[in-house]
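Peer 1: One structure, as structure tokens, below. Some questions next.
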């Protein structure tokens, strides 16, 4: 089940989206909420009030009543769908829960919505779904062939489920997430040059030392412990050299330097393999283990 803070954020986003008249997008959010939190009453109420399919609306209201048998909004909504009478006490209780909505609609559409509510005699927090008001089909701005009801919380562009990224404030598109991340990256082009000039020589030096040491069983075990320490040291020294500034690709650059150092250590074994010496495979064990562990540690230090 999703965490409480995230649940509250999604509910707030769904409510805001519905208030702005974007009913299809709001319905998608409510459906996401009930999929991740099936016992969330507010989520089921949103699905019941916004779903254009009467059968699905009825099922959603029944789910609410299964969780809260005396929920007045569900009692009024379900009774109206079925054409059954509702007591004045229940109707007043439902009306007390209604929050006024400011939908972004023209005056003519607002009047139509009010008339529709009056005809159904159901007081709901959001305008009932009317195909006349929510008929526009959106397509993902990155994948025009994919229909969607989601919009980016930041730029409001329509996005498909593949592009949408969950964040604490709602769904966001990759471009907005990238722009937000860029605020944390303050490295300059010169920092990339400095990082290469520091990490590559250190990595080659370590690779040279590894090439001088044999591949005994004891050393194979030892490399598991010192590989991470060496990689972390290269990462820390490089980070200090660039003034601890952060760059989107600095971790990748330093990790690549460590890999080059590992390849340098493995060069004799690789040359032996080229000449058909299968025994050289054993010489790849230590450089391979070191390269994997050290590059991961260096990458982590530079993040």
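The values are calculated or read from the model by the stated rules, or taken from the named source; none is laboratory data. In this text the structure is predicted, and so the values were computed from the model without any measurement. Glycine also receives a Cβ, built like all others from the backbone with ideal geometry; neighbour counts cover every protein chain displayed.
Peer 1: Just checking, does the stretch 248-257 include any residue being in contact (Cβ under 8 Å) with a residue 24 or more places away in the chain and farther than 30 Å from residue 182 by Cα?
Peer 2: Within the stretch 248-257, none of the residues are in contact (Cβ under 8 Å) with a residue 24 or more places away in the chain and farther than 30 Å from residue 182 by Cα.
Peer 1: Further question on the same structure: Residues to consider are 20, 39; find the one that is within 30 Å of residue 165 (Cβ to Cβ), outside the structural domain of residue 149 (by TED's automatic domain parsing) and at pLDDT 85 or above.
Peer 2: Among 20, 39, only 39 is within 30 Å of residue 165 (Cβ to Cβ), outside the structural domain of residue 149 (by TED's automatic domain parsing) and at pLDDT 85 or above.
Peer 1: Name the pairs: first residue in the stretch 1-13 and modelled with pLDDT under 70, second residue surrounded by fewer than 17 Cβ atoms within 10 Å (Cβ to Cβ), Cβ to Cβ under 7 Å, at least 6 apart or on different chains?
Peer 2: Listed by first residue and then by second, the contacts come to 1/36; 2/36.
Peer 1: Test residue 199 against the criterion of being crowded, with 19+ Cβ neighbours inside 10 Å and at pLDDT 85 or above, and give yes or no. Please lay out each step first, then the result.
Peer 2: Details: crowded, with 19+ Cβ neighbours inside 10 Å: yes; at pLDDT 85 or above: yes.
So residue 199 passes the test.
Peer 1: What is the residue count in the stretch 188-243 for residues that are out of contact with any helix residue (DSSP H, G or I) (no Cβ under 8 Å at 6 or more places or on another chain), assigned to a helix (DSSP H, G or I) and over 27 Å from residue 286 (Cβ atoms)?
Peer 2: Qualifying residue count for the region: 4.
Peer 1: Quickly run through the stretch 244-256 and pick out the residues that are surrounded by 12 or more Cβ atoms within 10 Å (Cβ to Cβ) and not in a helix (DSSP H, G or I).
Peer 2: 245, 246, 247, 248, 249
Peer 1: Just the residues that are loosely packed, with under 14 Cβ neighbours inside 10 Å and part of a helix (DSSP H, G or I), please, taken from the stretch 42-55.
Peer 2: Result: 54, 55.
Peer 1: Just the residues that are crowded, with 18+ Cβ neighbours inside 10 Å and within 41 Å of the chain's Cα centre (by Cα), please, taken from the stretch 257-288. Outline the logic, then answer.
Peer 2: Let us first name the residues in the stretch 257-288 that are crowded, with 18+ Cβ neighbours inside 10 Å, namely 257-258, 261-262, 264-266, 269, 283-284, 286-287.
Within the stretch 257-288, 257, 258, 261, 262, 264, 265, 266, 284, 286, 287 qualify.
Peer 1: Name the single residue, out of those in the stretch 61-92 being in contact with a helix residue (DSSP H, G or I) (Cβ under 6 Å, 6 or more places away or on another chain) and not in a helix (DSSP H, G or I), that is surrounded by the most Cβ atoms within 10 Å (Cβ to Cβ).
Peer 2: 71
Peer 1: Further question on the same structure: Scan the stretch 128-154 residue by residue and report those that are assigned to a loop (DSSP other than H, G, I, E, B), surrounded by 13 or more Cβ atoms within 10 Å (Cβ to Cβ) and modelled with pLDDT of 85 or more.
Peer 2: Those that are assigned to a loop (DSSP other than H, G, I, E, B), surrounded by 13 or more Cβ atoms within 10 Å (Cβ to Cβ) and modelled with pLDDT of 85 or more: 140, 141, 142, 143, 146, 152.
Peer 1: Only one of these conditions is not met by residue 291: (1) over 30 Å from residue 180 (Cβ atoms); (2) within 32 Å of the chain's Cα centre (by Cα); (3) assigned to a loop (DSSP other than H, G, I, E, B). Which number is it?
Peer 2: Every listed condition holds for residue 291 apart from (3).
Peer 1: Report yes if residue 58 is modelled with pLDDT of 85 or more, farther than 18 Å from residue 164 by Cβ, in contact with a helix residue (DSSP H, G or I) (Cβ under 6 Å, 6 or more places away or on another chain) and surrounded by fewer than 19 Cβ atoms within 10 Å (Cβ to Cβ), otherwise no.
Peer 2: The answer is yes for residue 58.
Peer 1: Go through (1) surrounded by 14 or more Cβ atoms within 10 Å (Cβ to Cβ); (2) at pLDDT below 80; (3) over 38 Å from the mean Cα position of the chain (by Cα) one by one and return the number of the condition residue 116 breaks.
Peer 2: Status for residue 116: all satisfied but (3).
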